[in-house]
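The values are calculated or read from the model by the stated rules, or taken from the named source; none is laboratory data. Predicted model only: the values in this text are computed from it and were never measured. Positions of Cβ are backbone-derived with ideal geometry, glycine not excepted, and every protein chain shown enters the neighbour counts. The accessibility values were calculated without ligands, DNA or RNA, using every heavy atom of the protein model including side chains. Shrake-Rupley method; radii C 1.70, N 1.55, O 1.52, S 1.80 Å.
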Amino acid sequence: MTDFFSFRDRQLAFNQTHVMGILNVTPDSFSDGGQFLRKEQALQQAQVMVNDGAAIIDIGGESTRPGAEPVSLAEEMDRVLPVVEALARQVDVIISVDTSSPQLMLEAASLGAHLINDVRALQRDGAVEAVVKSDIPACLMHMQGQPETMQDSPDYDDVIADVRRFFKRRIEQCDAMGLDSTRLLLDPGFGFGKTIEHNLTLLNRLPETALEGLPLLVGMSRKSMIDHVLQRPVDRRLSASIALAAAATLKGAFIVRVHDVAESVDAVKMMNAVKHERNIYGNQE
Ligand code: 9MG
């Protein structure tokens, strides 16, 4: 195994956990001052996250929260592509695009995106082909059901076995279509068709979900699993989100997807140092 995962011309070392900052380019994320202002605000926010230590920025134009309004492909492309293009020119960071749409995958890759993050695990028609053609890696996420209804009654005999079975099947299907597993990241999909117990089991037994030793991406930042345990509205979930990022790091996640980059980077770096049992960041006292 090589020491790095390759994202086109960029690489991340396997021997530590990295932080992915979330950049939502949905109307409720930025003031409604037209496309130019939206793009400028998104770029500024991305630059802050990079300065705070994010290795990857994940750009999404459609919310996958239960009950969120679906958006048309044209609208999703309009929101995401100008930001990808500008970010690729102006900011030295790995650019991920959170989408299930093959056409957006292709266009984003041609504008400089380095990773496709698909909560539907490339199961839409043409998605695997788009990633193969784009020559960039992809993250396959596990979800039971569809975003609109997935939290209605999640049900598993054995959530770990189910997630593993799903990854095995998707890895084989991708391979048969020319997408090699060295270009795949796996994500157990916290909160995507999971009860609080399923989420806690998945985190506690995270290493078992790394099928074929593939690198894991996890996202728990501000999710309702925190509310289940602590009864906190979304704007009071920072401390718990940091704790979950730290736990995921100790459990072997390669990438943690977060809203609060500065705070998460501190926690992840401390846990990286713990795992190495030395100051891998090299600064002297
Ligand atoms: C887009 N998105 C929202 N939550 C996510 C999660 O947990 N993982 C990944 N890969 N993407 C997510």
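Suppose a student asked you for the relative contact order of the stretch 148-256, using Cα pairs under 8 Å spaced at least 6 residues apart; what percent would you report?
Working: 124 pairs, mean separation 29.9, N = 109.
Worked out over the stretch 148-256, it gives 27 percent.
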Spin-label pair residue 74/residue 239, simplified geometry with 7 Å Cα→Cβ offset, distance in nm: 4.9
Largest to smallest accessible area among 167, 36 [probe 1.4 Å]: 36, 167
Probe 1.4 Å - accessible area at residue 269, Å² to nearest ten: 90
Spherically averaged projected area in nm², based on the convex hull that wraps the Cα atoms of the stretch 73-142: 4.2
Cut-off under 5 Å, modelled amide H: who pairs with residue 185 long-range: 138, 139, 140
Cα centroid separation, the stretch 102-125 to the stretch 33-52 (Å): 21
3J(HN,Hα) from dihedral phi, the stretch 184-199, Karplus parametrisation 6.51/-1.76/1.60, rounded to Hz, x for glycine, proline: 10, 10, 10, 9, x, x, 4, x, 9, x, 9, 7, 4, 5, 4, 4
Under the Karplus curve 6.51 cos²θ - 1.76 cosθ + 1.60, θ = phi - 60°, whole-Hz ³J(HN,Hα) for the stretch 10-22, x wherever Gly or Pro sits: 10, 9, 10, 5, 6, 7, 8, 8, 10, 9, 9, x, 8
Karplus-derived 3J(HN,Hα), 6.51/-1.76/1.60, for each residue of the stretch 240-247, Hz, glycine and proline x: 5, 5, 5, 4, 5, 5, 5, 4
Surface accessible to a 1.4 Å probe, per residue, for the residues of the stretch 4-276, Å²: 44
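Under the definition of Cα pairs under 8 Å and six or more residues apart, what whole-number percent is the relative contact order of the chain?
It comes to 18 percent, rounded to a whole number.
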Among the listed pairs 39/269; 194/251; 133/223; 194/269, those beyond 25 Å (Cα-Cα): 39/269; 133/223; 194/269
Translational D in µm²/s for the stretch 125-243 (Stokes-Einstein at 25 °C, 0.890 mPa s, Kirkwood Rh from C-alpha pairs): 160
Prolate/oblate/rounded call for the chain, Cα gyration tensor, a/c under 1.5 rounded: rounded
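When the helices in the chain are scored as -39500 (n - 2.57) per DSSP H run of 4 or longer and the sum is shared across all residues, what 222 nm value do you end up with, to the nearest 500 deg cm²/dmol?
Result for the chain, helices only: -13000 deg cm²/dmol.
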For the stretch 4-276, size of Cβ-based charge dipole, Lys and Arg +1, Asp and Glu -1, in debye: 700
Carbon/sulfur fraction of accessible area - the chain, other protein chains in place, 1.4 Å, %: 47
